[in-house]
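Novice: Mind looking over this structure? Questions follow.
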Amino acid sequence: MDIQDFTGATLKHHHNENYDQSPDYSAELASVLDKESCDNAYRTISDWDGYAPSPLVALSGLAKKIGIADILYKHEGGRFGLGSFKALGGAYSVLQLLIQEVSKATSMQISADDIISGEYATIIREITVVTATDGNHGRSVAWGAEKFGCNCFIYMHAGVSNGRAKAVEAFGATVIWVDGNYDQSVHEAAEAAAKNDWFVVSDTSYEGYTELPKNVMAGYTVMTTEIIQQLPKDKLPTHVFVQGGVGGLAGAVCAHLWQSLGAERPRFVIVEPDRADCLFQSGLRGEITDVSIEEETIMAGLSCGEVSSLAWQILLGGTNDFVTIEDELIAPTMKLLAKGVGEDQPLVAGESAVAGLAGAIAARMNNELTAKLGLDASSRILIFGTEGATDPAIYEKIVGLSPADVGV
Ligand SMILES: Cc1ncc(COP(=O)(O)O)c(C=O)c1O
């Protein structure tokens, strides 16, 4: 498939009339996710063994091909060897939970270093964390549980691939399979936690449950902290196209760019699968609107029908535009990245990683949407390539090459 073939894509677009023009990140927003939490997440995570900033790759060949100035691709495939940006959220939230619980048990203020030192291993061994996942978040929670020494159960629905379940089990977690979809697995994990005194470490928040998802989002902002260090100061992005599942990723990115760049923050565009468009529908109505998933999308990590309430508090005023794409755009976008346009470095990107880029290319190929989104030859688009080949067998089936054949 050539770039021209993106021209026929069916996209839905909604311009958000609730967008907040103010350059200032308000105190109200800071109560959702403040700068101190973002700074603390960066200080803590950048101290973990194996930490390295993920690359911000300039896809100049692709940018030229679609007639814009640049595409900056934050490539998360190598993050902590876990294959996705989710490594930053779940594991960090497990650590924060353990700090809180060990502090309570010892009546002392315990630090991250104390947890990592192993001194409180006996207390930590009695703690169990649980979450629902479509793969990547569960892998991060399981990795964190193993790293810091607590027990872990992971709830998965039938649509999750065996490859992704095995990756979770490799960190010693127990996988529980659930009938139904992702949202059902969220509910079952919460019920099991209430019954067994386990701790839910979810990447989505709902009424009365916000602290741990807030830590997950703070962990994600390690990406934006790195980006701000990596970007040339005189060439800030004009647009961000970021994919949405429950909205935690988008909320974290939006909050941190707003805090850091104020009036210079880029135009913020959320891209979702049309089969799981809960953020789009919420944007249309100006309030949280859940949808039911009738058919699973190929973008497994984005197959969510229920919006994170915490993320929505940021996204309601922080999002300029909501866009949906069809599944048909995913394989061609993965192949484009695998091959590399012109001199662009070939990149391994999973099904959920490419949604933002697919939306950006398709929008640029569509005159009406190009105008509505303010795209032109001077646009510099920031993209979050949120996963590599998190299921290598699925990757090879879609792209026709193994991840090793492609490169990084
Ligand atoms: C690879 C990938 N990208 C993006 C997302 C979307 O993140 P969120 O659900 O926080 O919107 C996910 C969620 O699982 C994911 O796995």
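Novice: Determine the dipole magnitude for segment 217-350: charges of +1 sit on the beta-carbon of Lys and Arg, -1 on that of Asp and Glu, nothing else is charged, the reference point is the Cα centre, and the result goes in debye to the nearest 20.
Specialist: So the dipole magnitude of segment 217-350 works out to roughly 600 debye.
Novice: For segment 253-328 and segment 153-224, what is the separation of their C-alpha centers, rounded to whole Å?
Specialist: Measuring centre to centre over Cα atoms gives 20 Å.
Novice: While we're on this one: Hey, how many Å between the Cα centroid of segment 46-96 and the Cα centroid of segment 356-408?
Specialist: 14 Å
Novice: Less than 14 Å Cβ to Cβ from L329, Lys/Arg counted +1 and Asp/Glu -1: what total charge do the surrounding residues give?
Specialist: Here the charged neighbours net out to -4.
Novice: Given the options S84, Q109, A276, identify the residue whose Cα lies farthest towards the positive end of the charge dipole of the chain (+1 on Cβ of Lys, Arg; -1 on Cβ of Asp, Glu).
Specialist: Going by the Cα projections, it comes out as S84.
Novice: Excluding residues on the same chain fewer than 8 positions from K64, give the lysines whose Cα lies under 20 Å from its Cα.
Specialist: Partners found: K74, K235, K335, K339.
Novice: What does the accessible area per residue of segment 298-359 come to in Å², with a 1.4 Å probe and no ligands, DNA or RNA counted?
Specialist: That works out to 24 Å² for each residue.
Novice: I need the Debye-formula profile for segment 1-45: one equal scatterer per C-alpha, no solvent, reported as log10 I(q)/I(0) at q = 0.17, 0.21, 0.29 1/Å, two decimals.
Specialist: -0.72, -0.79, -1.08
Novice: What's the local net charge at L231, with K and R +1, D and E -1, over the other residues with C-beta under 15 Å away?
Specialist: +1
Novice: Please identify, among A338, A192, A105, the residue showing maximal mean-square fluctuation in a Gaussian network model of the chain using a 10 angstrom Cα cutoff.
Specialist: It is A105.
Novice: Placing unit charges on C-beta atoms (Lys and Arg positive, Asp and Glu negative, everything else neutral), compute the dipole magnitude of segment 284-399 about its Cα centre in debye, rounded to 20.
Specialist: 480 debye
Novice: Further question: Using a 1.4 Å probe and ignoring any ligands, DNA or RNA, find the accessible area of Y182 and quote it in Å² to the nearest 10.
Specialist: Here the residue's solvent-accessible area equals roughly 10 Å².
Novice: What does the charge dipole of the chain about its Cα centre add up to, to the nearest 20 debye, if the Cβ of each Lys and Arg holds +1 and the Cβ of each Asp and Glu holds -1?
Specialist: Taking the Cα centre of the chain as origin, the dipole is about 900 debye.
Novice: Okay, next question. Pull up the DSSP beta bridges for the chain and report the antiparallel fraction as a percent, rounded to 5.
Specialist: Taking every DSSP beta bridge with both residues in the chain, the antiparallel ones total about 20 percent.
Novice: Which of rounded, prolate, oblate describes segment 231-386, given a ≥ b ≥ c as roots of the alpha-carbon gyration tensor eigenvalues and a/c under 1.5 marking rounded, otherwise prolate only if a/b is larger than b/c?
Specialist: oblate
Novice: Please label the shape of segment 122-225 as rounded, prolate or oblate, based on the square roots a ≥ b ≥ c of the eigenvalues of the alpha-carbon gyration tensor (a/c under 1.5 means rounded; beyond that, a/b larger than b/c means prolate, else oblate).
Specialist: Here segment 122-225 falls in the rounded category.
Novice: Kindly identify the chain as rounded, prolate or oblate by the Cα gyration tensor criterion: order the square roots of the eigenvalues as a ≥ b ≥ c, call it rounded if a/c is under 1.5, otherwise compare a/b with b/c, prolate if a/b is larger, else oblate.
Specialist: prolate
Novice: Can you pull the percent of the chain's accessible area that's carbon plus sulfur, 1.4 Å probe, other chains left in place?
Specialist: Its accessible area is 48 percent carbon and sulfur atoms.
Novice: Helix-only mean residue ellipticity at 222 nm, the chain, DSSP H runs n ≥ 4 weighted -39,500 (n - 2.57), per residue, nearest 500. What is it?
Specialist: Helix-only estimate at 222 nm: -12000 deg cm²/dmol.
Novice: In Å², and per residue, what accessible area does segment 90-202 have when probed at 1.4 Å with the other protein chains present?
Specialist: That works out to 42 Å² for each residue.
Novice: If I take R0 = 60 Å and measure r between the Cβ atoms of S31 and E169 in this structure, what FRET efficiency does the formula 1/(1 + (r/R0)^6) give, to the nearest 0.05?
Specialist: The computed FRET efficiency comes out at 0.95.
The values are calculated or read from the model by the stated rules, or taken from the named source; none is laboratory data. Fair warning: this is a prediction, and the values are worked out from it, not measured in the lab. Cβ coordinates were reconstructed from backbone atoms using ideal geometry, including for glycine residues, and neighbour counts include every protein chain displayed. The area values use the complete protein model at the heavy-atom level, side chains included, leaving out ligands, DNA and RNA. Shrake-Rupley method; radii C 1.70, N 1.55, O 1.52, S 1.80 Å.
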